[in-house]
Amino acid sequence: MALVDLAGRQIRGKIVYYGPAYGGKTTNLEYIYRTVPAAATGELHAIAAENERTLFFDYFPLDLGTVNGFTIRYQLYTVPGQAHYERTRQAVLSGADGVVFVADSAAERLVDNEQSLDELRQHLLGQGKTLATMPFVVQYNKRDQPTALPTAELDQRLNPGAAMTVEAIAVSGAGVFETLRAICKLVTRSL
Ligand SMILES: Nc1nc2c(ncn2[C@@H]2O[C@H](COP(=O)(O)OP(=O)(O)OP(=O)(O)O)[C@@H](O)[C@H]2O)c(=O)[nH]1
Ligand SMILES: [Mg+2]
């Protein structure tokens, strides 16, 4: 839950990267972590199995500098996408101020994307929130896949609310910071 500390002149918020297993959530966080100056981040915590699938979550805090005399620090999290970690996803999502949905653009992953998005909606409802009323960005990742669907089709199936979308190839960093900037802007505006 966002915290505005007037005395300490700090703003803190939580951003969660959600989406189907293997879609590229961890890859986004790793790229951000590698690229921003070390002074702007805390330590990256990643709890993964040997096959690199996220077991619990990835997390690090990111300092965005100062706005109107307030320092802004956002905690970035990923959920584990594999089906059997639903409880963990629910816990990580709790108190999120903004959500990035990392979709896998490959045609064969469309149903997985839809299921993950439905689950996200359900968990948010449990917190009294909806995608329409909270800071939300959709990232169409893996645009380099040979079977990547046209974004118009992905929009139709995954983005009925016309949230902001970003095309990405997270392995090479394309679209990663555009996505991050978009969600940070929405969260900051919502506070
Ligand atoms: N071709 C391609 N591969 C990608 C892209 N982004 C990520 N990958 C690869 O996809 C695989 C899964 O990426 P992860 O970031 O671990 O996916 P995740 O969403 O964190 O997966 P879970 O932790 O299981 O939920 C890795 O091998 C990445 O290198 C991309 O844009 N294009
Ligand atoms: Mg992961």
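The values are calculated or read from the model by the stated rules, or taken from the named source; none is laboratory data. Everything numeric in this text was worked out from a predicted model, so none of it was measured. Here the Cβ positions follow ideal geometry from the backbone for every residue, glycine too, while neighbour counts run over all protein chains shown.
Of all residues in the stretch 1-57, those satisfying the criterion of being out of contact with any Lys or Arg (no Cβ under 7 Å at 6 or more places or on another chain), in contact (Cβ under 8 Å) with a residue 40 or more places away in the chain and closer than 16 Å to Arg181 by Cα are Gly13, Lys14, Ile15, Val16, Lys25, Asn28, Leu29, Tyr31, Ile32, Thr35.
Can you work out which of the residues in the stretch 37-64 that are out of contact with any Phe, Trp or Tyr (no Cβ under 9 Å at 6 or more places or on another chain) and assigned to a loop (DSSP other than H, G, I, E, B) is modelled with the lowest pLDDT? Looking at the filtered set, the residue picked out is Glu50. Restricting the first member to the stretch 68-85 and to residues that are under 22 Å from Arg109 (Cβ atoms) and within 16 Å of ligand 2 (Cβ to nearest atom), and the second to residues that are assigned to a strand (DSSP E or B) and small (Gly, Ala, Ser), the beta-carbon pairs closer than 9 Å and six or more apart or on different chains are Thr78/Ala46; Pro80/Ala48.
Take the residues of the stretch 1-37 that are of a type in the set (Val, Ile, Thr) and away from ligand 2 (no atom under 16 Å from the Cβ): which is surrounded by the most Cβ atoms within 10 Å (Cβ to Cβ)? Once the filter is applied, the top-ranked residue is Ile11. Note on the stretch 38-80: residues that are surrounded by 15 or more Cβ atoms within 10 Å (Cβ to Cβ) and among the basic types (Lys, Arg) total 1.
Which one of these is in contact (Cβ under 8 Å) with a residue 60 or more places away in the chain and either within 21 Å of Ala21 (Cα to Cα) or not in a strand (DSSP E or B) (or both): Val100, Val111, Val137?
On the way: Val111 fails: in contact (Cβ under 8 Å) with a residue 60 or more places away in the chain; Val137 fails: in contact (Cβ under 8 Å) with a residue 60 or more places away in the chain.
Exactly one residue qualifies, and that residue is Val100.
When Arg121 is evaluated against the numbered criteria (1) within 14 Å of ligand 1 (Cβ to nearest atom); (2) assigned to a helix (DSSP H, G or I); (3) without any contact (Cβ under 8 Å) to a residue 24 or more places away in the chain, which criterion, by number, is the only one it fails? Evaluating Arg121 over (1) within 14 Å of ligand 1 (Cβ to nearest atom); (2) assigned to a helix (DSSP H, G or I); (3) without any contact (Cβ under 8 Å) to a residue 24 or more places away in the chain leaves (1) as the failure. When the stretch 52-107 is limited to residues that are hydroxyl-bearing (Ser, Thr, Tyr), touching a helix residue (DSSP H, G or I) at 6+ places or on another chain (Cβ under 7 Å) and within 14 Å of ligand 1 (Cβ to nearest atom), the one that is nearest to Cys184 (Cα to Cα) turns out to be Tyr77.
Of all residues in the stretch 17-36, those that are among the aromatic types (Phe, Trp, Tyr) and either more than 13 Å from ligand 1 (Cβ to nearest atom) or part of a helix (DSSP H, G or I) (or both) total 2. With respect to Thr133, determine if the residue is more than 15 Å from ligand 1 (Cβ to nearest atom) and farther than 25 Å from Glu167 by Cα. Answer is no for this residue.
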